[in-house]
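Here the structure is laid out as structure tokens; the discussion comes afterwards.
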Amino acid sequence: MAFAVRVLPQVCFVGRQFPEVWDRLLRYLSYAFICGIISVTLFMSGACFEKEAAPFRALALAVTIVIAHRTNSAVIGMLTGMILVLLSSWVR
């Protein structure tokens, strides 16, 4: 769905330039969808909130955001977050 939000306007309006504001909105809207999916799966297990793991996962999420921002790469941030969540589950 996140990919469709970015691609669909480009396919429907081939050859047209979007204003900078719309281009930025479409770029960050796809990231917002991905973050929404990650946040639900990060803190929930089935229909239950995992309160014991929430502090560790919130810390991993914060570190992930900082790494992604500093490296300007969402992929590196997501890989870092995945590794931190796996490590925190092994430590507990």
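List of remarks:
- Residues in segment 39-57 that are among the hydrophobic types (A, V, I, L, M, F, W, C) and touching a residue at least 12 places away in the same chain (Cβ under 8 Å): Leu42, Phe43, Ala53, Phe56.
- Scan segment 14-36 for residues that are modelled with pLDDT of 75 or more, touching a helix residue (DSSP H, G or I) at 6+ places or on another chain (Cβ under 8 Å) and polar (S, T, N, Q) and the total you get is 0.
- Phe49 vs. criteria open to solvent by 60 Å² or more (accessible area, probe 1.4 Å), within 27 Å of Val91 (Cα to Cα) and touching a Ser or Thr at 6+ places or on another chain (Cβ under 6 Å): no
- Test: residue in segment 64-72 that is open to solvent by 60 Å² or more (accessible area, probe 1.4 Å), touching a residue at least 24 places away in the same chain (Cβ under 8 Å) and not aliphatic (A, V, I, L, M): no
- Only listed residue being part of a helix (DSSP H, G or I), open to solvent by less than 60 Å² (accessible area, probe 1.4 Å) and at pLDDT below 80, chosen from Ser39, Ser88: Ser39
The values are calculated or read from the model by the stated rules, or taken from the named source; none is laboratory data. It should be emphasised that the depicted structure is a prediction, and the values quoted were computed from it without experimental measurement. Cβ sites come from the backbone with ideal geometry, for glycine too, and all protein chains shown count toward neighbours. Quick note on the areas: whole protein, heavy atoms, side chains included, nothing else; ligands and nucleic acids left out. Shrake-Rupley method; radii C 1.70, N 1.55, O 1.52, S 1.80 Å.
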